[in-house]
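Laboratory data are not the source of any read-out in this text; all were calculated from the coordinates shown. Just so it is clear, the structure is predicted and the values come from calculations on it, not from any experiment. Glycine gets a Cβ as well: all are built from the backbone with ideal geometry, and neighbour counts include every protein chain shown.
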Amino acid sequence: MLSLVNVNTYYGPSHVLQDVSLSVEKGEIVCLLGANAAGKTTTMKTIFGLVRPRSGSVVFEDRPIERRLPGDIVGGGLALVPEGRRIFPRMTVLENLELGAYTRNNRAEFKEDLDHVCQIFPRVRERLKQVAGTMSGGEQQMLAMARALMSRPRMMCMDEPSMGLSPILVETVFSTIQRIRKEGVTIFLVEQNASMALALADRGYVLQTGKIVLSDTASNLLTNDLVRQAYLGGA
Ligand code: ATP
């Protein structure tokens, strides 16, 4: 469904993504693990046209998207839950959700989708009129996920959804991701929390200083020595 083929991304002279290739098949949850500064967020930015790769291609549902604008990519069925949530803090929860649906222009569908995301996120329904910036970190994460779903994506990319959340909230976020997958949305997840991500994912990739150094099923990665030492605290 999504593939990166020999992607090289630079910031000025700094060569951050080095020949990155990976793929996500329809219906899968695939995670990308990596330490700080490995290039995880840059991978997401490259997928969404927020930085352009100098070479290589990004293909979504058989179409190259590496030269497309971020708005077109989201309108085309691929949604992003960005790092640090990036909700609009001065707007209400409802206004944030309306912005999530901006690529579509059908009021009846909007109501249907709003109902649907409120079923998945009951806390969001309770707080539609609340100013989004006054919600807790966990609630803001739920809102960011709900907002992404409002574009009716066929695939959702999530950048460190567990960041800064307490263990119980991390569990809630991860079980929600599972539910979203069950509803037919393919998931690509970038995480530092390797144990949670691998418990959820079908497959995973390990990114080290801009290069993919490992790719395997999640269960094999959980027992892999490098993964255990570098990402699972040697457990
Ligand atoms: P973290 O888990 O800490 O968020 P990450 O794996 O997401 O890290 P990136 O944010 O992709 O890492 O950063 C990869 C490298 O690219 C880092 O060395 C970072 O300093 C550098 N970098 C990121 N954004 C820019 C930018 N706009 N200009 C220059 N260098 C950048």
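Charge tally around LEU97: other residues with Cβ under 9 Å, Lys/Arg +1 each, Asp/Glu -1 each, net -2. Taking the DSSP beta bridges with both ends in the chain, the antiparallel portion is around 55 percent. Once the Cβ-Cβ distance of ASN105 and ASP72 is raised to the sixth power relative to R0 = 25 Å, the FRET efficiency obtained is 0.95. In plain terms, the bigger the Kirkwood radius, the slower the diffusion; for the range 122-235, with that radius from Cα pairs, at 4 °C and 1.567 mPa s, Stokes-Einstein puts D at 84 µm²/s. With Cα atoms defining each centre, the range 97-134 and the range 141-175 are spaced 15 Å apart in the structure.
DSSP bridge analysis restricted to the range 112-235 gives an antiparallel fraction near 55%, rounded to the nearest 5.
Against the 2.2 N^0.38 Å scaling, with N counting residues, where does the range 51-160 land? I'd like the Cα-based Rg ratio to two decimal places. Dividing the Cα Rg of the range 51-160 by 2.2 N^0.38 Å gives 1.11. If you take all other residues with their beta carbon under 13 Å from the beta carbon of ALA218, and give Lys and Arg +1 and Asp and Glu -1, the sum is -3. From the alpha carbon centroid of the range 193-235 to that of the range 1-22 is 20 Å. Amide H contacts of TYR205: CYS31, LEU32, LEU33, each under 5 Å away and 5 or more positions distant or on a separate chain (H built 1.01 Å from N in the peptide plane; Pro and chain starts excluded). Computed from Cα positions, the angle between helix 107-120 and the longest principal axis of the chain comes to roughly 70 degrees. A cut-off under 11 angstrom between Cβ atoms defines the neighbours of SER57, and their net charge, with Lys, Arg +1 and Asp, Glu -1, is +1. Available extension along the chain between SER21 and THR134 is 36.7 nm, counting 0.36 nm per residue and deducting the alpha carbon span. Here the gap between GLU112 and LYS182, fully extended at 0.36 nm per residue and compared with their Cα-Cα distance, gives a gain of 23.3 nm. Separation of the alpha carbons by more than 21 angstrom is noted, of LYS45/LYS111; LYS40/LYS211; LYS129/LYS182, for LYS45/LYS111; LYS129/LYS182. Between LEU189, LEU17, LEU114, the Gaussian network model of the chain with springs among Cα atoms under 10 angstrom shows the greatest mean-square fluctuation at LEU114.
Just so you know, the averaged projected area of the alpha carbon convex hull for the chain sits at 12.3 nm².
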